[in-house]
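Q: Here's a structure for you.
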Amino acid sequence: MRAVIQDRYGSADVVEVGDLPDPVPADDEVLVRVRAVSLNGSDRENLVGRPAYARLGGLRRPRNPVPGSDVAGTVVAVGRSVTGYAPGDDVLGELAGYRGGLAEYVATAPRLLAPKPAALSFAQAAAIPQAGCIALRATRGLRPGDRLLVNGAGGAGGALVIGLAKHLGARVTAVDRGDKAGYLLRLGADDTIAYERCDWADQRDRYDRVVDLVASRSPYRVHGALRTGGSYLMVGGSTRVLLATFGAAPVLRGATGKRVGVLMVPQSRADLEEVTALVADGAVVPAIDAVWPLEEAPAVFARLAAGDNLGKLVVEVP
Ligand SMILES: NC(=O)c1ccc[n+]([C@@H]2O[C@H](COP(=O)([O-])OP(=O)(O)OC[C@H]3O[C@@H](n4cnc5c(N)ncnc54)[C@H](OP(=O)(O)O)[C@@H]3O)[C@@H](O)[C@H]2O)c1
């Protein structure tokens with residue numbers, strides 16, 4: 001099969017397109033003919049091998065050389081013990097270890113998949129899984145009028161965090177590079193902060209929730225921007241901040257009544273179905289920057305590495 005191959009960590013130059021043997025599904029797996037794959041920040045992290053947690057899938061080099069986590073496609077074979085899926089079913093999902101998707105075929109556990117609604121194209125469906133499940137958990141419990149700040153709002157997860165928060169009636173401040181402000185306002189943000197000009201963490205007692213997709217600040221600093229009873233959710237960022245946030249959570253909660261914590265987003269079929277239904281109903285729309293053919297994957301990774309995309313980069317597998 002044709003596949004994108006990344007057999008070492010590095011810049012976009014390490015990505016090439018080549019031929020690999022077709023995967024054979026185990027008894028408890030389904031074989032999916034991949035039709036579209038969308039890229040996330042985690043694909044950039046797995047390309048360069050940073051932060052440290054990006055090497056969980058291989059310390060010196062990726063154990064699975066095929067990148068790509070978020071897929072939409074059609075089931076073409078099922079293992080003997082699989083129930084609930086049959087050849088011909090259209091599906092979407094986030095693959096284990098964030099890898100294996102950028103190929104004509106992938107064998108995967110069926111619990112990672114959900115049915116693709118007929119109303120969504122494969123490209124639209126592929127744009128949902130990881131970003132949608134992050135956004136669903138990051139916005140859960142928001143009430144109309146709540147003030148939410150999203151840091152790193154212009155990336156894959158941020159677009160759907162903004163969309164779901166607006167759907168719930170929250171007031172959204174979106175933080176990203178200044179030249180993305182127009183894009184963020186079009187997504188529904190009420191106001192924007194350019195991270196290169198202004199530090200949102202200097203604000204005091206302002207937000208009911210902060211969702212941080214690119215955490216780089218100490219939890220002892222960010223909690224000041226929260227109102228009493230507010231919460232800070234770290235989704236992605238440096239390993240140093242990740243460990244500090246785990247440690248600070250009980251201290252800050254006891255001392256200030258504000259919560260800081262790491263939002264661990266499980267690979268949940270129920271969540272995937274819930275957010276997919278919201279997209280199919282038009283409650284929220286995934287932003288797509290451009291759709292590229294598989295053979296141009298090296299150029300797609302170069303664009304991902306540069307961070308110039310507004311919305312998701314989607315690769316179609318012809
Ligand atoms: N917690 C979990 O369970 C879980 C699950 C899956 C993924 N994740 C993590 O979630 C994180 C975010 O994912 P994503 O796909 O949304 O990332 P993404 O697509 O890379 O988006 C990150 C955005 O942040 C912007 N940014 C960079 N530096 C910034 C700064 N200092 N201040 C504000 N914005 C800044 C980037 O813009 P520019 O680069 O253009 O400046 C980009 O628009 C990743 O680290 C991923 O590993 C967590």
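The values are calculated or read from the model by the stated rules, or taken from the named source; none is laboratory data. Values in this document were obtained by computation on a predicted structure and should not be read as measured data. Because the Cβ atoms are built from the backbone with ideal geometry, glycine has one as well, and the counts that use them run over all protein chains shown. SASA here: full protein model, heavy atoms, side chains in, ligands and nucleic acids out. Shrake-Rupley method; radii C 1.70, N 1.55, O 1.52, S 1.80 Å.
Q: What number do you get for the chain when its Cα radius of gyration is normalised by 2.2 N^0.38 Å, N = residues?
A: On the way: Rg = 19.4 Å, N = 318, 2.2 N^0.38 = 19.6 Å.
Rounded to two decimals, the normalised Rg is 0.99.
Q: Could you give me the ³J(HN,Hα) list for segment 281-289, computed from phi with Karplus coefficients 6.51, -1.76, 1.60 and θ = phi - 60°, whole Hz, x at Gly and Pro?
A: My calculation for segment 281-289 gives 7, x, 5, 8, 10, x, 8, 10, 6 Hz in order.
Q: Next question, about the same structure. Protein chains only, probe 1.4 Å: how do MET234, MET264, MET1 rank by accessible area, largest first? Write down the numbers at each step before the final one.
A: Values: MET234 0, MET264 130, MET1 35 Å².
Ranked list, largest accessible area first: MET264, MET1, MET234.
Q: Related question: Nearest 0.05, what FRET efficiency do ASP308 and VAL285 give at R0 = 22 Å with Cβ-Cβ as r?
A: Working: r = 21 Å, r/R0 = 0.95.
With a Förster radius of 22 Å, E is 0.60.
Q: Between THR228 and ARG50, what length in nm is gained on full extension when 0.36 nm per residue of separation is reduced by their alpha carbon distance? All intermediate terms of the calculation are to be shown ahead of the outcome.
A: Values: separation 178, 0.36 × 178 = 64.08 nm, distance 3.42 nm.
That pair, THR228 and ARG50, stretches by 60.7 nm at full extension.
Q: Got a number for carbon plus sulfur as a percent of segment 131-262's accessible area, 1.4 Å probe? Kindly include the intermediate steps, with their values, before the conclusion.
A: Details: 2800 of 5340 Å².
So the carbon and sulfur contribution to the accessible surface is 52 percent.
Q: Could you work out the helix-only [θ] at 222 nm for the chain, with each DSSP H run of four or more residues adding -39,500 (n - 2.57) and the total divided by the number of residues, to the nearest 500 deg cm²/dmol?
A: Working: 9 runs with 87 residues, N = 318.
Helix contribution divided over all residues of the chain: -8000 deg cm²/dmol.
Q: For every other residue with a beta carbon closer than 11 angstrom to the beta carbon of ARG227, add +1 if it is Lys or Arg and -1 if Asp or Glu, then tell me the sum. Show your work: numbers first, answer last.
A: Numbers: positive: ARG147, ARG204, ARG206, ARG209, LYS258; negative: ASP146, ASP205, ASP208.
Once positives and negatives cancel, what remains is +2.
Q: Before anything else, pin down the relative contact order of the chain: Cα pairs under 8 Å, at least 6 apart, normalised by residue count, whole percent.
A: Working: 797 pairs, mean separation 60.4, N = 318.
It comes to 19 percent, rounded to a whole number.
Q: Scan around GLY188 for amide H atoms under 5 Å from its own, H built in the peptide plane at 1.01 Å from N, and keep only partners 5 or more places away or cross-chain.
A: The answer is none.
Q: Something else about it: Taking a label point 7 Å from the Cα of PHE246 along the Cα→Cβ vector, which residues of segment 36-68 have an amide N closer than 19 Å to it?
A: Of the residues in segment 36-68, 50-59 have backbone N under 19 Å from the label point off PHE246.
Q: Can I ask one more? With a 10 Å radius around each residue's Cβ, average the other Cβ atoms per peptide and rank 296-308, 158-170, highest first. Spell out each step's value before the answer.
A: On the way: 296-308: 17.3, 158-170: 24.1.
In decreasing order of mean packing, 296-308, 158-170 become 158-170, 296-308.
Q: Using amide H atoms built 1.01 Å from N in the peptide plane, name the residues 5+ places from TYR105, or on other chains, whose amide H lies under 5 Å from its own.
A: Placed amide hydrogens put VAL34 under 5 Å from TYR105.
Q: Ok, one more. In a shell of Cβ-Cβ distance under 15 Å around GLU274, excluding GLU274 itself, what net charge do Lys and Arg (+1) and Asp and Glu (-1) give?
A: 0
Q: Tally Lys/Arg at +1 and Asp/Glu at -1 over every other residue whose Cβ is under 12 Å from the Cβ of ASP90; what's the total? Intermediate results must be reported in sequence, preceding the final value.
A: Numbers: positive: ARG33, ARG35, LYS116; negative: ASP89.
Net charge around ASP90: +2.
Q: Can you give the accessible area per residue of segment 131-262, in Å², using a 1.4 Å probe? Working shown, then result.
A: Numbers: 5340 Å² over 132 residues.
Solvent-accessible surface per residue comes out at 40 Å².
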